[in-house]
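Colleague: One structure is given below, represented as structure tokens, and several questions about it will come after.
Every read-out reported here was derived from the displayed coordinates using simple, explicitly stated rules and does not represent laboratory data. Since the model is a prediction, treat every value here as computed from it, not as a measurement. Every residue, glycine as well, gets a Cβ built from its backbone with ideal geometry; the counts of neighbours run over all protein chains shown.
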Amino acid sequence: MRFGIFYELSVPRPFAPGVERSVYENALEQVRLADELGFDSVWAVEHHFLEEYSHCSAPELFLTACAMQTKRIRVGHGAVVCVPAMNHPVRIAERAAVLDILSGGRLELGTARSSTWTELAGFEIDPDTTKQTWDETIRALPRMWTEERFSWRGTSFSVPERAILPKPVQKPHPPLWVTVTSPGTELDAAERGIGCLGVAAASFKEQERRTGEYRRRIQSCTPIGAVNSQVATLNFLYCSEDPAEAARTGLGMLGLFTQANTQLLFTREAYPTRAYGSLANLAPAPARREGSPGDPSGIPEGMAIGDPDRIVRAIKEWESIGVDGVNFLLNAMEAIPQEKVLASLRLFAREVMPKFRKRENG
Amino acid sequence: MLEGNADVAALAKRAPRLESFEAEPLALPSVEILQVTYELGGRPPESLFPPALAPTLPVLAVLSVWRSADSPLGPFALAQLRLTCRSGVRPRQLLAASFADGDRARAALNERFAFGARPAAIRLERFYDRVDARVEADGRPLLDVRALGPLPLATGDLQFFSSMHPAETPKGLRLVQVDADLAITRAERASPHVSHFEPDAFGVPGAKLAYPVAAFVALGDVTLPRVRFVCRPDVNAFAGTERVG
């Protein structure tokens, strides 16, 4: 089981001078600690215009800073929006290769197509075309990284023969992923032989279904490059020795994330199209009380919020349904003071992580 | 978090009277629907909503025109402006203003579902390559919209959301949640075009239709069911939502 940390870089109002810098500096301190503690990866999303929810519009820069300040943790560019109006495919390949070089071959590249009207309209992107442009881009990326000279004549972009430079350190290329929010995308991942990066909090049942479908389909995939057959899911982490404090603090974070998330204007709500099958809301499903009446905490199923024992139980459940990794949001809207976030990371690394490392080693 | 900060007293001034929550459902067969959506600009998003609601970012102006030729209340047309928002974590649309022709239908919509519709002449015309709608009150044009180049879409590709209608109710000033049920049998997407829009008449003075989003035309059976929820406008919906049916 691999453990990652995941950043939306949410910024609470009011947007006073210095508040964004503080959010970024807090995140970098968390990343440095996570590296020391043995976390496997740090992921940063790409979002534009999403007030409060995510001020992470240039994740490759944030991740470069992460790479420069750490030694071991892998950097997850996740996910870059594969729509030429937002990121030309050549620029994606170039920036990813540079990040792979600067991090010493620690890059993971997530791909996506954006799910909000706010972002798509901000770049005058036709929602009907994003799946196609994503597909075309991800098929081109491995070739751009591995061929000495590359050319492409496609529907969403064309490139005459050119050398795409530099080339990544990892050979044949960094692992590719696709973000999975709505049902069905796991099949897109499997058919292309790329990793399944959950970015919406999913129930055990839904994740089990997705993982099962993914595992079945990837057996017969036509890979677009080197196969990455990992499944990772998104979670929230707040670990404290005191279960009541953990629930209070963790649920506060969860509530603020959910509110910020629901203020987003999803494409499906604005624009009638079959290209976006669901609202793609990233918030956890309404809290299904775990094992009521024994667990009155109100913590939704599977969330890594609580004391170490509770979190171990939740992660074992994820492990049992075939998930390879869990990526954690550590904070939302700066709801949790920085010292508590760091303490939560330390406690998780001391009490929870060894339970899974020992199993792998033994 | 951005939350609505519109003056609740001002909301009360335009709120129609809803005498009872016990009104019978209203079934409207084969309603022709034109919906044109724009991003709304010119006003801070939070100024458009009472504290119970939170704006989406951006706020969408949803202009819809229904024509019901076979209504049990006689033929009528209804034009509405609704604004996209959240009630708690749920997607909703706040009714900013509405107009209706057909006296019986208008009275029923107002008395049973707090539409607060004012009289107007409403025209909805279907051409081969477009659908036009026009709203006039007291001989003055208020709205002129077109949906250009309609192309078929699956009926399931359309999404509809519950509306929040300000009203003076037996419980006091409330936002009445109207959960219209639309069984769509035909759907087409089109390009939106608005040639005239009076923001004052539609309850959003100072606002402008800033950026076109989408248009659709549809045909379907519409049911306005009995009211089940209302919400205090002055407090967050988490605290102010009440079940009434």
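Colleague: State, to one decimal in nm, how far the label point of A:Arg216 lies from the label point of A:Gln69, with both points 7 Å from Cα in the Cβ direction.
Modeller: Modelled inter-label distance: 4.5 nm.
Colleague: Right, next: Given bins 5 angstrom wide, list per bin the percent of all Cα-Cα distances in the stretch B:150-237, short to long.
Modeller: Binned Cα distances yield the sequence 3, 11, 14, 14, 17, 20, 14, 6, 1, 0.
Colleague: Extension gain B:Arg17-B:Asn5, at 0.36 nm per residue separation less the Cα-Cα distance, in nm?
Modeller: In short, 2.0 nm is gained.
Colleague: Here's another thing I want to ask about it. Report the full-extension gain for the segment A:Ser203 to A:Arg274: residue separation times 0.36 nm, less the Cα-Cα distance, to one decimal in nm.
Modeller: 23.1 nm
Colleague: So what is the relative contact order for chain A, in percent, with contacts set as C-alpha pairs under 8 Å and at least six apart?
Modeller: 19 percent
Colleague: Right, here's the next one. How tilted is helix A:338-347 with respect to the longest principal axis of chain A? Cα atoms for both, answer in degrees (0 to 90, nearest 10).
Modeller: Value to nearest ten degrees: 80.
Colleague: Multiplying the sequence separation of B:His193 and B:Asp234 by 0.36 nm and subtracting their Cα-Cα distance, what value in nm do you get?
Modeller: In short, 11.2 nm is gained.
Colleague: Expressed as an acute angle from 0 to 90° and rounded to the nearest 10, what is the orientation of the C-alpha long axis of helix A:243-262 relative to the principal long axis of chain A?
Modeller: That works out to roughly 40 degrees.
Colleague: For each of B:Ile184, A:Ile299, count neighbouring Cβ atoms within 10 Å of the residue's Cβ, then give the residues from fewest to most.
Modeller: Exposure proxy ranking, most exposed first: B:Ile184, A:Ile299.
Colleague: Okay, moving on. How far apart, in nm, are two points set 7 Å out from the Cα along the Cα-to-Cβ line at A:Val98 and at B:Asp179?
Modeller: The modelled label-to-label distance comes out at 5.3 nm.
Colleague: A follow-up question, please. Do the sum for the protein assembly as shown: with -39,500 (n - 2.57) for every DSSP H run of n ≥ 4, divided by all residues, what is the mean residue ellipticity at 222 nm, to the nearest 500 deg cm²/dmol?
Modeller: -8500 deg cm²/dmol, from helical runs alone.
Colleague: Enumerate the amide H contacts of B:Arg130 below 5 Å, restricted to partners 5 or more residues apart or on another chain; note that Pro and chain-start residues carry no placed amide H.
Modeller: B:Gly149
Colleague: Now for a different question. Let's test the formula: R0 of 25 Å, r as the Cβ-Cβ distance of A:Arg248 and A:Arg350. What FRET efficiency results, to the nearest 0.05?
Modeller: Calculated transfer efficiency: 0.70.
Colleague: Lysine pairs in the protein assembly as shown 8 or more apart or on different chains: how many have alpha carbons under 29 angstrom apart?
Modeller: Here the count comes out as 19.
Colleague: On average, how many beta carbons from a partner chain sit within 10 Å of the beta carbon of a residue in A:249-259?
Modeller: Taking all residues of A:249-259 together, the mean is 1.
Colleague: Something else: What share of all Cα pairs of the stretch B:81-238, in percent, falls into each consecutive 10 Å distance bin?
Modeller: 9, 33, 41, 16, 1
Colleague: Loop only by DSSP, 10 or fewer other Cβ within 10 Å of the Cβ. Give me the GluC sites (Glu not before Pro) in the stretch A:129-215 that pass, ordered by residue number.
Modeller: Passing both the DSSP loop test and the Cβ count: A:Glu148.
Colleague: Taking 41 Å as R0, compute the FRET efficiency from the Cβ-Cβ separation of B:Glu242 and A:Glu20 and round it to 0.05.
Modeller: Approximately 0.55, to the nearest 0.05.
Colleague: Going by amide H atoms built from the backbone, whose H comes under 5 Å of the H on A:Phe6, apart from near neighbours?
Modeller: Residues meeting the criterion, in which the H sits 1.01 Å from N, are A:Trp43, A:Phe328, A:Leu329, A:Leu330.
Colleague: What do you get when you divide the Cα radius of gyration of chain A by 2.2 N^0.38 Å, with N the number of residues?
Modeller: This ratio for chain A stands at 0.95.
Colleague: Would you please state which residues of the stretch B:50-92 a label at B:Ala121 would reach in this model, taking the label point 7 Å out along Cα→Cβ and a backbone N cut-off of under 15 Å?
Modeller: Residues B:77 fall inside that zone.
Colleague: Taking chain A as the reference, fit the longest principal axis to its C-alpha atoms, fit the long axis of helix A:19-37 to the helix C-alpha atoms, and give the angle between the two in degrees, 0 to 90, nearest 10.
Modeller: For A:19-37 against chain A, the angle is about 80 degrees.
Colleague: What is the spread of the Cα atoms of the stretch A:164-205 along each of their three principal axes, largest first, in whole Å?
Modeller: So the extents along the principal axes, rounded to whole Å, are 41, 20, 15.
Colleague: Taking H placed 1.01 Å from N in the peptide plane, check which residues at least 5 places from B:Thr169 or on another chain put their amide H under 5 Å from its amide H.
Modeller: Sorted by chain and number, the residues that satisfy this are B:Leu18, B:Arg174.
Colleague: I've got another one for you. For the protein assembly as shown, what is the largest minus smallest coordinate of the Cα atoms on each principal axis, given in angstrom and ordered from greatest to least?
Modeller: That gives 78, 61, 48 Å along the principal axes, largest extent first.
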